[in-house]
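The values are calculated or read from the model by the stated rules, or taken from the named source; none is laboratory data. From a predicted model like this one, the values you see are computed outputs, not experimental measurements. Methodologically, a virtual Cβ is constructed for each residue, glycine included, from the backbone with ideal geometry; neighbour enumeration extends over all protein chains shown. When the accessible area is computed, the model is the full protein with side chains, heavy atoms only, and any ligands, DNA or RNA have been set aside. Shrake-Rupley method; radii C 1.70, N 1.55, O 1.52, S 1.80 Å.
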Amino acid sequence: MAQPLDILHLEDSPPDAELVREALRAAGIECAVTHVTTGEAFAAALPRHPDLILVDHNVPSFGGFAAIAAALERVPDVPIIMVTGSLGEEGAVETLRRGATDYVLKEHVNRLGPAVRRALTEVEARRQRERAEQEFRAAFEDAPIGMALAGPDRRFMRANRALCAILGYTEAELRELTFLDVAHPDDRAIGLRDAQLAFEAGQLVPPHETRYVRKDGSTVWIQVTISPIRGAAGRPQYAIGMLEDLSERRRAEAARQALEGQLRQSQKMEALGHFASGIAHDFNNILAIVLAEAELLASALLPDRDDLRTDLRAIEDAAKRGKEMVRRLMAFSRSEALAMQRLDLVAHVRESAATLHHLLSAAVTMHFDLEAGPLWVLADPTVIEQCLMNLATNARDAMPEGGTLTLRVTRRQIDAAVATVHAIEPGEYAVVQVADTGIGMDEQTVQRAFEPLFTTKPRDKGTGLGLSMVHGLIRQHRGWVRLESEVGKGSVVELALPLAEAGPSAAGAERAGRTSGAERLRGTETVLIADDEEALRKVAQRTLEHYGYTVLTAADGLEALAIVRREGERIRLVISDVSMPQLTGPDLYRALRAEGRNVPFLFTSGYDRPEVGAVAAGARAMPKPWTIEELLVAVRAALDAAR
């Protein structure tokens, strides 16, 4: 429901004030009238900003003209109507000249209603025009691209801040110029064509690129769009131009083209990563068979065959080294989400020594300076090792004649000021420092070192992906990377990770809580093994049957689906490879869930597959290659969790 009209009425005669009220009621105008009789009361009521002001011409010691002047000074946008007993022609003209919207004689007070409506309509129209003009002015001035108004003489009438910044002129200077004056000499023909289209043909000039000359004489590429604005006669009165600076876009395009060659090189690396991942998958299956067969043979030996037991341990050790090599190989092709766990960064860096040593030349000496106690962080161990390997490789390449590589791990308090600079949270951090005594980098190279595909190495030696990858991975850990270097004085790279609560990782806690006795790992349940690798399927079957389980096997997902349908609830666990012909492990899981079968799943894979967790919420996973103990623990844990 509309609010009543708020009217301020200056009238010293109460009967006349009542006459006005009656006229307003008769005209059907819903209003609340504040009646004042003196100039002081009138001035005091103005700050509340009424919707309409009615004034009498003859108020003792405060005439109507004084009231109009006071109202225009305090509330200039409020309409004023003079309601008076007598007003000659000259008085009427003077009333309007002084700023009143209208006047009404009291003897024709029935005109008051239409006069009020007309005044309010006119004022509202004026306010809308003013708002529109203010909005246009604000949009024009604050536009992120250059905007200008030009007349038929091609002269700038107005120019916004963005255009002044693009061209280097002030608005006053541009008003002395035509847009042909700032056109590049080779593009003046384009400017003439634009003028003809906009002002003579009255057509929209579509976006196109042209060159303008800045005040300092430099050239800038501009995308120009011109819209003609027609006057009352229908002819173009002026034109509004939108001018976008293309300098940054053109620089980006040049950079993009320069990167295409480097990108092709990085694609070779990606293809190599996929190839390595495929090899790793097959090799993991082989290693799982070797490990399991060696353990089974060792358990079957008589007590006096220590010679054979030693040989089998050598086979197991070799297979475990191969397992570690495959894990590192897969780290370079990984694209899954981070596998975060609590990690003692001091111990992890110390344990990485052997891996890093293999990356260095004989002329490079490696030195460790580690915090005395553990520093627990929440991190993906493989990612941290991958970052260390990248940094060690860079350090080695920076020391072709040899030198010293130093790895330090320290605790550091990061205050709010430093945290703000690096966009991290303040607090305690574990900082890994990788320092070399190599050739170093100049300031310009340091500034670009983390750009993807930027490298200072020869084309056949580097891809420019190492430092950018390290930066991205550490940022995923809510940490930061910092590089310091000076030509001839080596480089220092710092990786900072937020400290976590002290304590072992979840995986470590689980291992600590395991019962080492074989009885803890035995079972009598029926399990189904689905794997397309026959030898691996058989060794897993032999292992589980040796520990009391009843084992069914399937060579692919379809066969496994048929067995579960046939055996029903007798099967208490499905151990499924992720990648199988006919029907993959995740597809088998979905098919059984769609049939309402909630048999637990334990997925195994030679790949690191993040989609297992997404498809099979709550399902467990066990990477290949596994040892017999790892298989037994995983099976027992899955069965116990399903009780």
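Summary table
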{"item": "Hydrodynamic radius by Kirkwood, which averages 1/r over all alpha carbon pairs of region 154-205, in angstrom", "result": "11.8 Å"}
{"item": "Using a Förster distance of 30 Å, the FRET efficiency for ALA165-ALA423 (Cβ separation, nearest 0.05)", "result": "0.55"}
{"item": "Per residue, the convex hull volume that the Cα atoms of the chain enclose (Å³)", "result": "326 Å³"}
{"item": "By accessible area with a 1.4 Å probe, ligands and nucleic acids excluded, highest first: order of TYR547, TYR238, TYR589", "result": "TYR238, TYR547, TYR589"}
{"item": "Sites ALA318 and HIS184 - FRET efficiency at Förster radius 56 Å, r taken between beta-carbons, to 0.05", "result": "0.20"}
{"item": "Average Cα contact separation per residue, the chain, under 8 Å, 6 or more apart, as relative contact order %", "result": "8 percent"}
{"item": "Accessible area (Å², 1.4 Å probe, nearest 10) - HIS367", "result": "90 Å²"}
{"item": "LEU499 paired with ARG448, simple spin-label distance in nm, labels 7 Å along Cα-to-beta-carbon", "result": "4.0 nm"}
{"item": "Evaluated at q = 0.18 Å⁻¹: base-10 log I(q)/I(0), Debye formula over Cα of region 533-598", "result": "-0.67"}
{"item": "Extended-chain gain in nm, criterion 0.36 nm per residue less alpha-carbon gap, ARG211 and LEU105", "result": "31.6 nm"}
{"item": "Per-residue [θ]222 nm for the chain (sum of -39500 (n - 2.57) over DSSP H runs n ≥ 4, rounded to 500)", "result": "-14000 deg cm²/dmol"}
{"item": "nm² value of the averaged projected area, convex hull over the Cα atoms of region 1-46", "result": "3.4 nm²"}
{"item": "Selection from LEU499, GLY488, GLY606 lying farthest towards where the dipole of the chain points positive, charges on Cβ", "result": "GLY606"}
{"item": "Cα-centred dipole magnitude for the chain, charges only on beta-carbon of K, R (+1) and D, E (-1), debye, nearest 20", "result": "1140 debye"}
{"item": "Beta bridges per DSSP with both ends in the chain, % antiparallel, nearest 5", "result": "55 percent"}
{"item": "Contour excess over end-to-end distance, with Cα ends at THR393 and GLU534 and 0.36 nm allotted per residue", "result": "46.8 nm"}
{"item": "Simple spin-label estimate for ALA32 and MET157 in nanometres, 7 Å along Cα-Cβ", "result": "4.5 nm"}
{"item": "Proximal aspartates and glutamates to LYS538, defined as alpha-carbon separation beneath 12 angstrom and excluding residues fewer than eight positions away on the same chain", "result": "GLU293"}
{"item": "Convex hull projection area averaged over all views, region 29-91, Cα basis, nm²", "result": "4.8 nm²"}
{"item": "Scaled radius of gyration (Cα, divided by 2.2 N^0.38 Å) that region 1-125 gives", "result": "0.95"}
{"item": "Alpha carbon convex hull of region 341-400, volume per residue in cubic angstrom", "result": "75 Å³"}
{"item": "Added length on full extension, which subtracts the Cα-Cα distance from 0.36 nm per residue, ARG235 to THR404", "result": "52.9 nm"}
{"item": "Stokes-Einstein D (µm²/s) once Rh is taken as the Kirkwood radius of region 186-232 over alpha-carbon pairs, at 25 °C in 0.890 mPa s", "result": "210 µm²/s"}
{"item": "Heavy-atom accessible area ranking, 1.4 Å probe, most first, across ASP304, ASP415, ASP194", "result": "ASP304, ASP415, ASP194"}
